[in-house]
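Comments concern the structure below.
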Amino acid sequence: MTPEELEQIAVDQQEAENQLDHRINVCMAASCMSRHSEQIVKDMQAKLKDMGEKGEKTQVRCVGCMGLCSAGPLVEVDHPADEAAGKGPEKVMYRDISPEHAESIVNATVDGRTLPDLVQPTDIPYFTRQKRIVTENSGYIDPECIEDYIAAGGYSGLVSALTEMSPDDVIHEVTVSGLRGRGGGGFPTGLKWSTVARTDADQKYVVCNADEGDPGAFMDRAVLESDPHRIIEGMTIAGYAVGASKAYIYVRAEYPLAIKRLKRAISQANKFGLLGTNLCDTPFNFDIELRLGAGAFVCGEETALIASIEGKRGTPRPRPPFPASYGLFGKPTLINNVETMATIPWITRYGGEALAAIGTEKSKGTKVFALAGKINCNGLIEVPMGISLREIIYEIGDGIPDGATFKAVQTGGPSGGCVPADKLDMPVDYESLQEAGTIMGSGGMVIMDETSSMVDVARFFMEFCKDESCGKCVPCRVGTAQMLDLLEKMCAKSATQKDLDLLKELCDVTKACSLCGLGQTAPNPVLSTLHYFENEYMDSLQGEVTGVGAVPATETKAGAPDPTHEK
Amino acid sequence: MARQKLPPTQTLTMKIDDVDVTAKPGQTIQDVARDHDIEIPGLCYIDGLTIWGACRLCLVEVEGMRKLLAACSTEVAEGMIVHTDTERLRRYRKMVIEMLFAERNHVCSVCVSNGHCDLQAMAVQLGVDHVHLPYMNPDVKVDSSHDRFRLDHNRCILCTRCVRVCGEIEGAATKGVGGRGINARIINDLNMPWGDSQTCTSCGKCVHICPTGALVEKGTAAAEMKKHRSFLPYLTVMRES
Amino acid sequence: MIASLKKPEAPSDDKRWKIVQATMRRNGYSRNALIETLHTVQNSFGYLDEESLRYVAASLRVPLSAVYGVATFYHLFTLKPQGEHTCVVCTGTACYIKGTPELLQHIETRYGIKDGDTTADGKVSLLTARCIGACSMAPAVVFDGEMEGNVTEEQLDTEVDGWLKS
């Protein structure tokens, strides 16, 4: 594939597009598909066929996630400019569409009319306040069509990197962009890349971590389902930059649609010469393979993920050595998450400075968040770093449903914490969130109203961590189980002050001593809810009296041996 | 054929517990400490087996590092200042020992390893005089199906010394870990009775390397199971030959 | 020693073993392909039984203990046969906040099965998943591979009752 050939594909695709009068885009991401968007597409296509010649100039296209999942299935119609009427091109979004609407939408579209009753206004903050980089193509292109991606400028970043830039240039741009790992840790991406690039080895690997395990997070799923070629392009650029020729995408088996689209995208890219040997007539070779997870949250941890790709139990190992020097099959390995990889093509296309111009001083660019829980606009958003939580929840997310009161927002999943109402004006960036006792995490935001008990939320996450602990190191294996028992006691209102003290002690040990991030962060949901909602913990203790020493100390379980008595 | 080790190209200097020590590049904190008779606690580490890094008893403080580091797996660096015995570390270690005691059913008085148990010794050394964590009293089994040996899950601390010695030294790989988290258990083959295993060579290394009364010889009464560890120094040699 | 290098025979002439062999072949019978192979076995046979674990272990030259270790480490693998139909309830955060605990309680009361159980007639298995990424339509349930969002108790009953009658 030469730059000229790529350009030609884009031009051809654009021309084919221009032959059309109307386009009807139907969301085919998992959420809308579960509400029968596939049937909507079939019905629309059948209707157009019935129309004969009249229907030929209208195309129904399957596209990826449009973001506002709570209003799905979503359909967007592109009307062309009507010069006679002095109208420019126009997009109309329809919400809550079911197969019954298929015919009327097709009829109206072909006649150039809109159906006001079904319209989803797009001048609301949910749409206008977003800044879309990672999700720039989501909802516009057909994720199963490589030409569509190319027509939208796809793979031009890769081709220009390969033909115009040295690997060092690429790393320089990524460093300048200020991009930090979007999987949760926030490690500077450029630094990670240059570490791998500088390590000498006969073989290096690139791994894309698509094991999106945080409950309440679905950003990566949406990106994989909506724009899979973007990941392939980002990974290939990464491979060129660090000197790797082989790559793996480690994706959760729970995401069958994402897997299907990735498989298809990889085979298309191979066919188009965008993967394989001698890319762009250079000596650079690059192959990507898929590896499926099998339901283990801990595999999001780099060393556990490596073990899993190697076909082993997904248990982490002590770091250092870091995967950048000793990773997959013992070779230097670059591991980035989906969103990080998806930002790369944009950086090579527009330059690192362009990304650095967005966001705050230390947190550059945009971040995709998944809004879920008690919020009106459920779905996916991409916003510049530094935006406030209040803007996200009350403006973009349109506030809390049923007139309820906001209580807390949980970010960072089981490694994060809950942020209360008085912190809503805090900017969303890596440092501020950490200061508030939580983390950016991968981008899940679960909004809770006053009906949620914070002790119960802490219990929920502890149960998760206990179930997902690999069992290798003692503090995580035993600590999470012990903490869960105590939190269950609290939820049952049968705990004592002594239990609460013990809980705090266990949090400290588990955080400080665990082998990997899972254990080290498992206490965070407890610690943050303890910090902001201590009264709820006090209320959860037995009876009304909760002062220290007011409750008789409980004995250890009868019959339990004291191991050190009989020596 | 034993490989001839190249002489070290350089010597590092560092501090462990306020003592100036020298070290070779590539050594771990544990190696260097031992060379200088500084004892760091630990239960999963065995010279000659792959480093597991899971008991967390050998965690040390390294100046300039935010996190605690495992002495068994962390390589030394020039100028490193290590503290192996701070108040904080002692507190954490005691708690980890307590966690192990609370996790399974360690009844020392009736245990055949009473008096010859690394866990017990570690508890004494660290001053664990009682367990203030609730006992979890799991319902775990005893496998007595093997002719000569017994596997008592009640006493297991999942250090995986047996798994590693079986796979890495004996080469049988009979022992493994099944399940995960708090439900993880040492298994034989496809989690079958040990006596039914077709891969076990009955070499007994797992029994003698086991730090507790989890793997023992049959026919021993309380406090009678003394483990024979004389082969341990040879593990490194066996791996290198 | 030559004999031991030969690939072991499939446990039976069941055609599904061909699919399993294809996966192993595609991965060059590398032991790294253990998880991929177990996925294929489970997709083909519904679960992992002792015979299949032994066969995979022998084919990929992975110790039995390692195969069992992997098969029991990952949640998606099951060593028990599943019911004819499966109902996977998502227990992610958003689903939890929006009523999964009540749904599970309802299933237990009405059908007498808990997470991991199968009804006595072998028709329906109840499983839970740690977030299937359908948070915007919480609570979400996957009925025989088809995801449904905003599931109510009534909806669930209609689906499950239908299976039980079939």
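Only residues of region C:46-64 count here: report those whose backbone N is under 20 Å from the spot 7 Å along Cα→Cβ of C:LYS15, or say none. Backbone N within reach: C:46-47. Dividing the summed helix terms, -39500 (n - 2.57) for each DSSP H run of n ≥ 4, by the number of residues in chain B produces a 222 nm estimate of -5500 deg cm²/dmol to the nearest 500. Here the Karplus relation 6.51 cos²θ - 1.76 cosθ + 1.60, evaluated at θ = phi - 60°, turns the backbone of region A:175-186 into coupling constants of 5, 4, 5, x, 4, 10, x, 8, x, x, x, x Hz, with x for every Gly and Pro.
Here r is the Cβ-Cβ distance between C:LYS7 and A:GLN14 and R0 is 35 Å; the resulting FRET efficiency, rounded to 0.05, is 0.10. A Gaussian network model of chain C, with springs between Cα atoms under 10 Å, assigns the largest mean-square fluctuation among C:LYS98, C:LYS18, C:LYS114 to C:LYS18. Computed over the alpha carbons of region A:254-404, Rg followed by Dmax gives 19.6, 62 Å. Using the Karplus relation 6.51 cos²θ - 1.76 cosθ + 1.60 with θ = phi - 60°, the per-residue 3J(HN,Hα) values for region B:113-120 come to 8, 3, x, 10, 10, 5, 5, 4 Hz, with x marking Gly and Pro. Summing +1 for each Lys or Arg and -1 for each Asp or Glu, what net charge is found among the other residues whose Cβ lies under 12 Å from the Cβ of B:GLY176? Summing Lys and Arg as +1 and Asp and Glu as -1 gives +4. With viscosity 1.306 mPa s and temperature 10 °C, the Kirkwood radius over alpha carbon pairs of region C:85-165 converts through Stokes-Einstein to a diffusion coefficient of 130 µm²/s. Considering only B:CYS159, B:CYS203, B:CYS72, the mean-square fluctuation computed in a Gaussian network model of chain B, springs between alpha carbons under 10 angstrom, is largest for B:CYS203. Where both bridge residues fall in region A:153-356, DSSP classifies roughly 10% of the beta bridges as antiparallel.
In angstrom, the C-alpha Rg and Dmax of region A:96-219 are 21.1, 63. Treating each Cα of region A:366-452 as an identical point scatterer and ignoring solvent, apply the Debye formula and state log10 I(q)/I(0) at q = 0.13, 0.15 Å⁻¹. Log10 of I(q)/I(0), two decimals: -0.33, -0.45.
If a/c stays under 1.5 just call it rounded; otherwise compare a/b with b/c (prolate if a/b is bigger, oblate if not). Do that for chain B, with a ≥ b ≥ c from the square roots of the Cα gyration tensor eigenvalues. Oblate is the answer for chain B, as a/c is 1.5 or above yet b/c matches or exceeds a/b. Between amide H atoms placed 1.01 Å from N, distances below 5 Å from B:ILE187 occur with B:GLY176, B:VAL177, B:GLY178, all of them 5 or more places distant or on a separate chain. Peptide packing: for C:35-42, A:399-406, A:468-475, the average count of neighbouring Cβ atoms within 10 Å per residue gives the ranking A:468-475, C:35-42, A:399-406, highest mean first. A simple charge model with +1 on the Cβ of Lys and Arg, -1 on the Cβ of Asp and Glu and nothing else charged puts the dipole of region A:455-539 at about 280 debye relative to its Cα centre. Obtain the nm distance between the two label points defined at A:GLU100 and B:THR86 by a simple spin-label model: each point lies 7 Å from its Cα along the Cα-to-C-beta direction. Using points 7 Å along Cα→Cβ, the separation is 6.8 nm. Distance between the pseudo-spin-label points of C:ASP49 and A:ASP168 (7 Å out from Cα toward the beta carbon): 6.3 nm. Near A:LEU191: Cβ cut-off under 11 Å, other residues only, Lys/Arg at +1 and Asp/Glu at -1. The net charge is +3.
Cysteines in chain B that lack a partner Cβ within the 4.7 Å cut-off: B:CYS58, B:CYS72, B:CYS108, B:CYS111, B:CYS117, B:CYS156, B:CYS166, B:CYS200, B:CYS203, B:CYS210. Across every direction, the projection of the convex hull enclosing the Cα atoms of region A:455-539 has a mean area of 4.6 nm².
Listed by chain and number, the lysines placed with their C-alpha closer than 30 angstrom to that of C:LYS114 are A:LYS312, A:LYS374, A:LYS466, A:LYS472, A:LYS489, A:LYS493, A:LYS557, B:LYS141, C:LYS80, C:LYS98, C:LYS123, C:LYS165; residues fewer than eight positions away on the same chain are left out.
The mean count of C-beta atoms from other chains within 10 Å of the C-beta of residues in A:62-69, rounded to a whole number, is 1. Take the Cα of A:TYR350, step 7 Å toward its Cβ, do the same at C:ARG61, and the gap between the two points is 5.2 nm. Cut-off 19 Å, label point 7 angstrom out along Cα-to-Cβ of B:ARG229: give me the residues of region B:23-41 whose amide nitrogen falls inside. Within reach of a label on B:ARG229: B:30-41. Helix content alone sets the calculated 222 nm mean residue ellipticity of chain A: runs of n ≥ 4 DSSP H residues at -39500 (n - 2.57) each, divided across all residues, give -11500 deg cm²/dmol. Computed from Cα positions, the angle between helix A:37-51 and the longest principal axis of chain A comes to roughly 10 degrees. The 3J(HN,Hα) values that the Karplus relation (6.51, -1.76, 1.60; θ = phi - 60°) gives for region A:486-502 are, in residue order, 5, 5, 5, 4, 5, 5, 8, 6, 10, 8, 10, 4, 4, 5, 5, 4, 5 Hz. Gly and Pro appear as x.
Between the amide H of A:ALA357 and any residue lying 5 or more places away or on another chain, no distance stays under 5 Å, with hydrogens modeled in the peptide plane. Given Cα positions, please report Rg to Rh for region A:153-356, the hydrodynamic radius being the Kirkwood one. When Rh is taken as the Kirkwood radius, the ratio is 0.93.
Electrostatic tally near B:LYS205: other residues with Cβ closer than 13 Å to its Cβ, Lys and Arg +1, Asp and Glu -1, net +3. For region B:146-241, the square roots a ≥ b ≥ c of the C-alpha gyration tensor eigenvalues yield an a/c under 1.5, which makes the shape rounded. Full extension of the segment from B:THR11 to B:THR50, taken as 0.36 nm per residue of separation minus the current Cα-Cα distance, would add 11.6 nm. Please label the shape of chain A as rounded, prolate or oblate, based on the square roots a ≥ b ≥ c of the eigenvalues of the alpha-carbon gyration tensor (a/c under 1.5 means rounded; beyond that, a/b larger than b/c means prolate, else oblate). It is oblate, given that a/c is not under 1.5 and a/b is not larger than b/c. Our summary gives chain A a relative contact order of 13 percent, counting only alpha carbon pairs under 8 angstrom and 6 or more residues apart. When the Cα atoms of the protein assembly as shown are aligned to their principal axes, the ranges along those axes come out at 99, 70, 63 Å in descending order.
No lab work stands behind these numbers, since they all come straight from the coordinates. These numbers were taken from a predicted model, which means no experiment stands behind them. Reconstructed Cβ throughout: ideal geometry from the backbone, glycine too, with neighbour counts over all protein chains shown.
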